[in-house]
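Enquirer: Got a structure here, written out as structure tokens. Questions coming.
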Amino acid sequence: MIWRTHMAGEPTKELVGTKLVLAGWVARRRDHGGLIFVDLRDRSGVTQLVINPELAPEAAELAHQIRNEFVLRAEGMLVARSPETVNPQMSTGAVELQVQSLEIVSRSTPLPFQLDEENVDETLRLRYRWLDLRREKLQRNITLRAQMVGIIRREMEAAGFLDIQTPILFKPTPEGARDFVVPARLQKGRFYALPQSPQILKQLTMVAGFDRYYQIAICFRDEDLRADRVQEITQLDVEMSFPDQEFLFATMEQMYARIWREALGREIETPFPRMTYAEADRRFGTDKPDTRFELELEDATELTRGSEFGVFKNAEAVRFLRVPQELSRGDLAKLEELAKEWGAKGLAYLVYDEEGEVRSPIAKFLSEEEFSLFRSDPGTTVLFAADAWPTTSRVLGALRTHLGRELGLIDEDAFTFLWVYDFPMFERDEDEGRWTAVHHPFTRPTVAWKERFHDDPEHALAHAYDLIVNGNELGGGSFRIHEPEIQAKVFELLGMSEQEQRSKFGFLLDALAMGAPPMGGIALGIDRMTMVLAGEPNLRDVIAFPKNQAGVDPMSGAPSEVTQEQLDELGIRVVEQPG
Ligand code: ASP
């Protein structure tokens, strides 16, 4: 017995008159004056089965029991549909299988939701993920993801990178998140940490002489979840010795070009444009600018030093956006609310109406000189942020993105890739009042900052870069410190005592002291890449078995309790029972 001769998406006119066997799921059953029609679905598509009680009485008898999502095996003759029943939307729409024998292979209990139902509650979908995954959109997303990973592997291998697997049970690897820890039964009271990234390990493969490493790596970050965050991130992780930034960027660009070509049939332009962090911040108010639309931030700080308008005069920075639309009072009130959420104290504005007349509560305070800078075309609204520089960036950057979307300024069909580089090396953790690494502590300073980063950590630049597409960060990387003294100096600047350096990173410092080559690399998020590629706004819908926003898997119930014996074996006492 064979299960099937063809996939359900395959039958076309050329096969008419052949005997086929198909197997798959019932997408729909319709009874029509004695004839029974079944849409039989598998991964490749759908074929219509016709069961005629006169030709196949046994099959017709059985067909009455069929419900959605039963698994069937059907044998029959492929016939052409009568012209009026041809469905040009379906690849198999010109044919149907005239069933001769039918078998119900598996039955289904009543479904918790129909596969074609819209807006099904996400928890319910996750609870029955195996059903949810049968839907066309999820089949497409997961297939696209697999296709993309296939291309990535082929490209990386062609460029001479070796796939090297690194351990999941390891030691804390800092990427700025909390660690997941795993108790070690054989060493009671000790814990492994799941890697937040294979960063240190990939550097060690370079010290070990492997020259070019890659891995499709899972990274575990115990973060508070938001809509766009998961705790298990998959990334393409890359490292090379004697790094050549042009080669690295070109390899990634070629890989993306091939993914876009093969998966979407789209040509993307390479090389990708590049922009320093400082420029991105100045022009777009963010380190991940969406360059699908123009709208840039402008700076009025100089000019407003002597302003009559106290808010401008006293602010560290005064910057503005010229929005190409005459916004109403209602719009402005809503925008002010948003601006406040992003940290603004208020939202000053000038509205130039269609006649070019200005409408604004602050107009009376502004000088001719100020007006000459702000004056805009009729039908423009000028929105201001007057605050500390980073706040003006945050507020106007977010307003820009918001308005780009709201006002339809974005070319939704475009893909704009962008490298952002020369990031600051450190930032101040305001809560703890100490320096933290913007990328990670293994990132080297730029050549210009190599000798003096510790004298002026606030301004020191890192040899680090991010790759952005349409305002989404796909990932980032850096060149690394291969000199143990410099590494120790960075650790020291981050407030780590010598003892702490030894206990946390002694093995890395030792390795760097035994002939470490210069090295650099990158990591690119596979989940996010799939979202962009699939045009899928929901991060969880590009992951086969995601957890919900509380980090729970509604399907299996994980995380779950363990038995007292297991706890005893591990030497662990639970002090707070789950609520
Ligand atoms: N380890 C970094 C990350 O996971 C990427 C890199 O520097 O290669 O974000």
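Every number here is computed from the coordinates shown, using simple stated rules; none is lab data. These numbers come from a predicted model, not from an experiment. Here the Cβ is made from the backbone with ideal geometry for all residues, glycine too, and neighbour counts use every protein chain on show.
Enquirer: Convert each backbone phi in region 450-458 into a coupling constant with the Karplus relation 6.51 cos²θ - 1.76 cosθ + 1.60 (shift: θ = phi - 60°), then list the ³J(HN,Hα) values in order as whole Hz, x for Gly and Pro.
Expert: In residue order, the calculated couplings are 4, 7, 9, 4, 6, 7, 9, x, 4 Hz.
Enquirer: Sticking with this one: Report the relative contact order of the chain, percent, no decimals, based on alpha-carbon pairs under 8 angstrom and at least 6 residues apart.
Expert: That works out to 13 percent.
Enquirer: When Lys and Arg each count +1 and Asp and Glu each count -1, what net charge do the other residues less than 15 Å away from MET1, Cβ to Cβ, add up to?
Expert: Residues close to MET1 contribute a combined charge of +1.
Enquirer: Once the mean 1/r over all distinct Cα pairs of region 56-105 is inverted, what Kirkwood radius in angstroms do you read off?
Expert: 12.1
Enquirer: When the Karplus curve 6.51 cos²θ - 1.76 cosθ + 1.60 is applied with θ = phi - 60°, which whole-Hz ³J(HN,Hα) does each residue of region 560-566 get, with x for Gly and Pro?
Expert: 10, 6, 10, 6, 4, 4, 4
Enquirer: Whole-Hz Karplus ³J(HN,Hα) for region 315-321, in order, using 6.51 cos²θ - 1.76 cosθ + 1.60 and θ = phi - 60°, x for Gly and Pro?
Expert: Along region 315-321, the couplings run 7, 4, 9, 10, 9, 8, 10 Hz.
Enquirer: Next question, about the same structure. Taking K and R as +1 and D and E as -1, what net charge do the other residues with C-beta under 11 Å from the C-beta of ALA513 add up to?
Expert: Once all neighbours under 11 Å are counted, the net charge is -3.
Enquirer: For region 480-527, compute the orientation-averaged projected area of the C-alpha convex hull (one quarter of its surface), in nm².
Expert: Mean projected area for region 480-527: 4.4 nm², to one decimal.
Enquirer: State the percent of C-alpha pairs, over all pairs in region 289-411, separated by a distance greater than 25 angstrom.
Expert: Across region 289-411, Cα pairs with separations above 25 Å total 16 percent.
Enquirer: Cα centroid distance between region 20-94 and region 255-300, in Å?
Expert: 48
Enquirer: Which semi-axes, in whole Å and largest first, does the equivalent ellipsoid of region 342-415 have when worked out from the alpha carbon gyration tensor as the square roots of 5 times its eigenvalues?
Expert: Taking √(5λ) for each eigenvalue gives 24, 19, 10 Å, largest first.
Enquirer: Which whole-number percent is the relative contact order of region 187-266 (Cα, under 8 Å, 6+ apart)?
Expert: It comes to 25 percent, rounded to a whole number.
Enquirer: Counting helices only, and only those DSSP H runs with n ≥ 4, report the 222 nm mean residue ellipticity of the chain as the sum of -39,500 (n - 2.57) divided by its residues, in deg cm²/dmol to the nearest 500.
Expert: Value at 222 nm, helices only, nearest 500: -8000 deg cm²/dmol.
Enquirer: Can you check how the C-alpha radius of gyration of region 236-332 compares to 2.2 N^0.38 Å, as a plain ratio?
Expert: Rg over 2.2 N^0.38 Å, computed on Cα atoms: 1.64.
Enquirer: What residues qualify as long-range amide H neighbours of LEU461, i.e. H under 5 Å apart, gap of 5 or more or another chain, H built at 1.01 Å from N?
Expert: Amide H to amide H, under 5 Å and 5 or more residues apart or across chains, LEU461 pairs with MET425, THR446.
Enquirer: Straight-line reach from LYS202: which lysines have Cα under 19 Å away, leaving out those fewer than 8 places along the same chain?
Expert: In chain and number order, the partners are LYS171, LYS504.
Enquirer: Another one. Once you have a ≥ b ≥ c as the square roots of the Cα gyration tensor eigenvalues for region 78-143, tell me rounded if a/c is under 1.5, and otherwise prolate or oblate according to whether a/b is larger than b/c.
Expert: prolate
Enquirer: Given a Förster radius of 25 Å and the C-beta distance between THR436 and ASP510 as r, what FRET efficiency does 1/(1 + (r/R0)^6) yield to the nearest 0.05?
Expert: Using R0 = 25 Å, I get an efficiency of 0.55.
Enquirer: Ratio of alpha-carbon Rg to the 2.2 N^0.38 Å globular estimate for region 1-81, to two decimals, please.
Expert: Relative to the 2.2 N^0.38 Å estimate, region 1-81 comes out at 1.01.
Enquirer: Also: What residues qualify as long-range amide H neighbours of THR276, i.e. H under 5 Å apart, gap of 5 or more or another chain, H built at 1.01 Å from N?
Expert: Under 5 Å from the amide H of THR276: TYR421.
Enquirer: Could you work out, for region 452-575, what percent of all Cα-Cα pairs fall into each 10 Å distance bin, beginning at 0 Å and stopping at the bin that holds the largest distance?
Expert: Taking all Cα pairs of region 452-575, the binned fractions are 10, 21, 22, 27, 19, 1 percent.
Enquirer: Check the straight Cα-Cα distances from LYS345 and name the lysines below 26 Å, setting aside those fewer than 8 residues away within the same chain.
Expert: LYS288, LYS313, LYS334, LYS364
Enquirer: Rg to Rh for the chain: what is it, with Cα atoms only and Rh by Kirkwood?
Expert: 1.05
Enquirer: Please state, as a whole number in µm²/s, the translational diffusion coefficient that the Stokes-Einstein equation yields for region 110-203 at 4 °C and 1.567 mPa s, with Rh defined as the Kirkwood radius across alpha carbon pairs.
Expert: Result for D is 74 µm²/s.
Enquirer: Just tell me which aspartates and glutamates come within less than 16 Å, Cα to Cα, of LYS188; anything on the same chain fewer than 8 places away is out.
Expert: Within the straight-line cut-off, LYS188 pairs with GLU565, ASP568, GLU569.
Enquirer: Oh, and also: Return the long-range amide H neighbours of VAL438 (sequence gap of 5 or more, or a different chain), with a cut-off of under 5 Å between placed amide H atoms.
Expert: The answer is PHE426, GLU427.
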